[in-house]
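Each value in this text was obtained by applying a stated rule to the coordinates, not by laboratory testing. Since this is a predicted model, take the numbers as computed values, not measurements. In this analysis, Cβ positions are derived from the backbone assuming ideal geometry, glycine residues included, and neighbour counts consider all displayed protein chains.
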Amino acid sequence: MDHDEVAERRFDVSRALDNRVRLAVLCALAAGDVPVADLVERMGGTVPGHLTVLRAAGLVDTGLAGRVRLASLHVVALLRALDAVASVERQPSG
């Protein structure tokens, strides 16, 4: 990946993490795969759009298990994203 691609990826991840509903989705998925319909029932009809943002950032995936669409967390990608955010915060400003 070149510098611009890395910067774009970091932007996608930071955008994905900068929303309360998306953070709630990530927390719900931390316990394991969850049917998308259950997430919608708990968090509202905007969940599919939030899942699109999280998928674009590489933090979640969705797939079918029979007739049920499940959302799952990419734990390694999330940990890398959090580490990247922390490293930016540790950099001296100026």
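Here the relative contact order of the range 9-56, from alpha carbon pairs under 8 Å that lie six or more residues apart, stands at 45 percent. Within the shell defined by Cβ-Cβ distances under 12 Å, the residues around Thr62 carry a net charge of 0, with Lys and Arg each +1 and Asp and Glu each -1. A cut-off under 13 angstrom between Cβ atoms defines the neighbours of Thr46, and their net charge, with Lys, Arg +1 and Asp, Glu -1, is +2. Dividing the mean sequence gap of close Cα pairs (under 8 Å, 6+ apart) by how many residues the chain holds gives a relative contact order of 30 percent. Our coupling estimate for the range 36-48, obtained by passing each phi through the Karplus curve with A = 6.51, B = -1.76, C = 1.60 and θ = phi - 60°, is 4, 4, 5, 5, 4, 4, 6, 10, x, x, 7, 4, x Hz, Gly and Pro reported as x. A Cα-only calculation for the chain places Rg and Dmax at 14.4, 53 Å. When the helices of the chain are scored as -39500 (n - 2.57) per DSSP H run of n ≥ 4 and the total is divided over every residue, the value at 222 nm lands at -19500 deg cm²/dmol.
In a DSSP loop and with at most 13 other Cβ atoms within 10 Å, the trypsin sites (Lys or Arg not before Pro) in the range 26-89 are Arg67.
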